[in-house]
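Let me begin by presenting the structure, written as C-alpha cells, before commenting on it.
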Amino acid sequence: MARSHKRKSSKESQDHPRPGATPDTRQPAPPAAGASAGKMELNILQSLRRIIRAVDIHSRKLVATYGITGPQLICLVTLCDEGAMTSAELSRRVFVSASTITGIIDRLERQGYVERKRDDIDRRRVLLQPTSKGFKLAYRAPSPIQDQLVERLRELPELEQAAISMSLQRIVDLMEARSLDASPILATGDIQAGASGKYPASRIDNLPEADTRN
C-alpha cells in the first residue's frame, strides 16, 4: 500500500521542530520608541500652546469688552475687596514689583477707576482707593483667569496638585526659565502695559462688540 506523505505546515514545524534542530528564539520587534516619544513631545507642546492661547484670549476679551487688562483688573479687584492701601501694600498683595504697580495705577487713575488720596491720619502716606466707577467695573468684569484656575485646582486631591506643580516646575527647568521673574498673574505681554485697543473685538473669534464707553 502506498504511504501518503503530507508536508507539515510552517506553523506545525515551529510547534514541533525536528530532533536536534535549534529552536527559533527570536522575539517580535518592539514598536519604534522614537514614534511614541515624538507623539508625547507633540502633546506637551500642544498643551502649552493651549494654555498660552487661553490666557491670551481672556486678556483680549477684557481689553475689547471692558478696556482694561488682566493685571489692572487684579489690582482694582484687590482694592475693592480689601479697601484703600498704599502702593507698597498693593504691591505685596498681588506679588508685583513696586515700579510695575506704579505704572498700572497710573493707567487706572487716568481711566477714572482709582484715585490717590492723602491719609487723613498720616499725611505722608498716599492711599489708593477705587472710585465708584472702579467699583462698577470690578463688579461687572469677569473674574481674573488665575482666580478661576485656583478654584478648580483646590477641587483636586492634594497629590494631584503636587504632581501638576512638579511637572510644571520641570518644564520651567527644561526651558531654562527659572531665573525669570514672574508674578502669579496670568497675562500675556508686559503686565504694566495698558489696554491700547490693539485687539478690537471684531478681530477676535467669538467676542462681543467692544464697549469701552464709560
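Couple of notes before you dig in:
- Test: residue in the range 74-89 that is in a helix (DSSP H, G or I) and closer than 30 Å to Arg170 by Cβ: yes
- Meets criteria (surrounded by 12 or more Cβ atoms within 10 Å (Cβ to Cβ), without any contact (Cβ under 8 Å) to a residue 24 or more places away in the chain and touching a helix residue (DSSP H, G or I) at 6+ places or on another chain (Cβ under 7 Å)) for Thr102: yes
- Hits in the range 131-150 - residues which are more than 14 Å from the chain's Cα centre (by Cα) and not hydrophobic (A, V, I, L, M, F, W, C): Thr131, Ser132, Lys133, Gly134, Lys136, Tyr139, Arg140, Pro142, Ser143
- When Ala195, Ala182, Ala177, Ala138 are checked against the criterion of being modelled with pLDDT under 85 and buried (at least 16 other Cβ atoms within 10 Å of the Cβ), Ala195 stands alone in meeting it.
- Qualifying positions in the range 109-155 - touching an Asp or Glu at 6+ places or on another chain (Cβ under 9 Å) and farther than 30 Å from Leu168 by Cβ: Glu109, Glu115, Arg116, Arg125, Val126, Leu127, Leu128, Gln129, Pro130, Thr131, Gly134
- Some residue of the range 118-129 being modelled with pLDDT under 95, under 18 Å from Leu62 (Cβ atoms) and not in a helix (DSSP H, G or I): no
- Taking the range 45-59 as the range and being free of Cβ contacts under 8 Å to residues at least 12 places away in the same chain and either surrounded by 12 or more Cβ atoms within 10 Å (Cβ to Cβ) or of a type outside the set (Ser, Thr, Tyr) (or both) as the test, the residues that pass are Leu45, Gln46, Arg49, Arg50, Ile51, Arg53.
- Qualifying positions in the range 72-101 - more than 22 Å from Tyr139 (Cα to Cα) and among the basic types (Lys, Arg): Arg92
- Exclusive hit being aliphatic (A, V, I, L, M), under 30 Å from Val114 (Cβ atoms) and modelled with pLDDT under 85, set Val77, Val55: Val55
The values are calculated or read from the model by the stated rules, or taken from the named source; none is laboratory data. Given the structure is predicted, the values throughout are model-derived calculations rather than measurements. As a convention, Cβ positions derive from the backbone with ideal geometry for all residues, glycine included, and neighbour counts pool all protein chains shown.
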